[in-house]
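Working notes, beginning with the structure itself.
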Amino acid sequence: MTEISDREVQADKSTDALASREFRQGRRVTSGPATIRPSAVLGQTGSHMLLSLPRPAALSIGSDGTMVGRSAGYQKRLGDLAGTYRDEGAYQTALADHGADRIVYSVEESRVADGPGALIIGTSTLLPGRIGDEFALTRGHLHAIADRAELYHCLSGTGVMVLETIDGASQVVALRPGDALHVPGHWLHRSVNVGQEPFVTLFCYSADAGQDYGIIADAGGMATLVVDDGAGGWTTRRNPNHRGYQAR
């Protein structure tokens, strides 16, 4: 167990007293993305109660997907996407040409708490490219808690979101800067970059949602492929390898 010195306790008390005083005086109180120690919170009745609260996180989000104030991030590289594209030969050629470490997409996120009621806010930056005639894509997922919804807002680039349900419903939605998409619970979803620039989206979903990637792999991929139409655009095609989704 981590020991807290008397000096740290006194510093926390001083900080809490200042925050409480400035709150009562109507001043803005700012802090970094960390958990507040039990502190005095002014209630509607004027009484104080002890709560352990996450701190608000101020973020600056660029159209290129950069997130100042993020709490985490990761990258998916070409070598991480084995089995994601239908054309295995084209995938192996891309590995030989570009290497397994080639970045395909990156994610930055802000999370100040876990569990029901908390949110994850982040950006996804999917770089342009093709494997065979399929456009660059993310792995796609269903939320592990399947009824959890998600919001996507396109910040830059041109892409589509492929959405499917376990019982066979399918929809493909095009996204350009300023467009937003509300993905209800129980819909599998995947981002696809159909343009020449990075496809950047802002997303937000419940922190307890989780991701189930295996449901897509077990089905032989998503039912809908987004492919080059041969005329400078994109179209969709049925995936002949798709075996249907199995409820978990």
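Any read-out appearing in this document is the output of simple, stated calculations on the displayed coordinates, not a laboratory observation. These numbers come from a predicted model, not from an experiment. A quick note on method: Cβ atoms are made from the backbone with ideal geometry, for glycine too, and the neighbour counts reach across all protein chains shown.
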Of (1) in a loop (DSSP other than H, G, I, E, B); (2) more than 21 Å from the chain's Cα centre (by Cα); (3) buried (at least 19 other Cβ atoms within 10 Å of the Cβ), MET222 satisfies every one except (2)
So GLN92 ticks every box in (1) farther than 23 Å from ILE61 by Cα; (2) out of contact with any Asp or Glu (no Cβ under 7 Å at 6 or more places or on another chain); (3) part of a loop (DSSP other than H, G, I, E, B) but one. Which box is left unticked? (3)
Candidate set: the stretch 63-117, residues that are in contact with a strand residue (DSSP E or B) (Cβ under 6 Å, 6 or more places away or on another chain) and among the hydroxyl-bearing types (Ser, Thr, Tyr); chosen: the one surrounded by the most Cβ atoms within 10 Å (Cβ to Cβ): TYR105
Scan the stretch 174-184 and give yes if some residue there is surrounded by fewer than 17 Cβ atoms within 10 Å (Cβ to Cβ), charged (D, E, K, R), farther than 22 Å from LEU81 by Cβ and without any contact (Cβ under 8 Å) to a residue 60 or more places away in the chain, otherwise no. yes
